[in-house]
Amino acid sequence: MPGKTDLSELNCSLARTLEIVGDWWTLLIVRDAFLGVRRFGDFQTSLGIAKNILATRLDRLVTNDILARDGTAKRPVYRLTERGRALLPAMVALMQWGDRWASEDSPPVIVTDDQGREVRSVRLQSTAGDVSADSVRFHPGSGATARTRAFFDQLSRSGSGTAIARQVSPGRRRRSEPATAASPAKPSVRRRPSAD
């Protein structure tokens, strides 16, 4: 059987993130850390996870600076780092998606602020307001490799890309406009999860 693909090698921030926190045990450990779980045994009790799997996932989270390990070698305590706390919007967005689509609009857990006010649904926004799945566009960014740019070019040429936008200037983009023969455009594609 072939080995696991190293997603960190792909020229895609989503793929690189999934390499770090993309398996279900890891996300559930991070969830529990947000809930206040700190000790190995408490993670194990909460999740019902095998000790060897838990140890491997905790080590990976510490190595990737998502969790910090404090305390003694025999009684380590884990806490979220700044990098780990930055996962909160993604975690809440996944929970809210699950509330709607996997839990039949019956959320097992409600997320609130410290005053008990329910957190609104996580939304994508531009400076002009909400961005929907129909209006979102993906563009090669400043970290795009030649291969990624070629991927977008190929989608544009093949007609597979569903939206083409003209690049206004580095770092700034105008609302999507179709490319014409007189005005070649930098291609963009919407609803593509990753480009390698």
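The values are calculated or read from the model by the stated rules, or taken from the named source; none is laboratory data. Fair warning: this is a prediction, and the values are worked out from it, not measured in the lab. A quick note on method: Cβ atoms are made from the backbone with ideal geometry, for glycine too, and the neighbour counts reach across all protein chains shown.
So here's what we get for this one:
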quantity: In segment 21-67, residue farthest from M91 (Cα to Cα) [restricted to those that are assigned to a helix (DSSP H, G or I) and of a type in the set (K, R)]; calculated: K51
quantity: Candidate set from segment 117-156 (those that are part of a helix (DSSP H, G or I) and among the polar types (S, T, N, Q)); member that is nearest to the chain's Cα centre (by Cα); calculated: T148
quantity: Residue count for segment 48-64, restricted to those that are within 16 Å of F34 (Cβ to Cβ) and either under 17 Å from the mean Cα position of the chain (by Cα) or in contact (Cβ under 8 Å) with a residue 60 or more places away in the chain (or both); calculated: 1
quantity: Within segment 131-169, considering residues that are modelled with pLDDT of 85 or more and polar (S, T, N, Q), the one surrounded by the most Cβ atoms within 10 Å (Cβ to Cβ); calculated: T148
quantity: Residues (touching a residue at least 24 places away in the same chain (Cβ under 8 Å), within 30 Å of H139 (Cα to Cα), in contact with a Lys or Arg (Cβ under 8 Å, 6 or more places away or on another chain) and buried (at least 17 other Cβ atoms within 10 Å of the Cβ)) located in segment 3-47; calculated: L10, N11, I20, T26
quantity: Qualifying residue in segment 83-90 (condition: within 27 Å of S121 (Cα to Cα), part of a loop (DSSP other than H, G, I, E, B) and at pLDDT 95 or above); calculated: yes
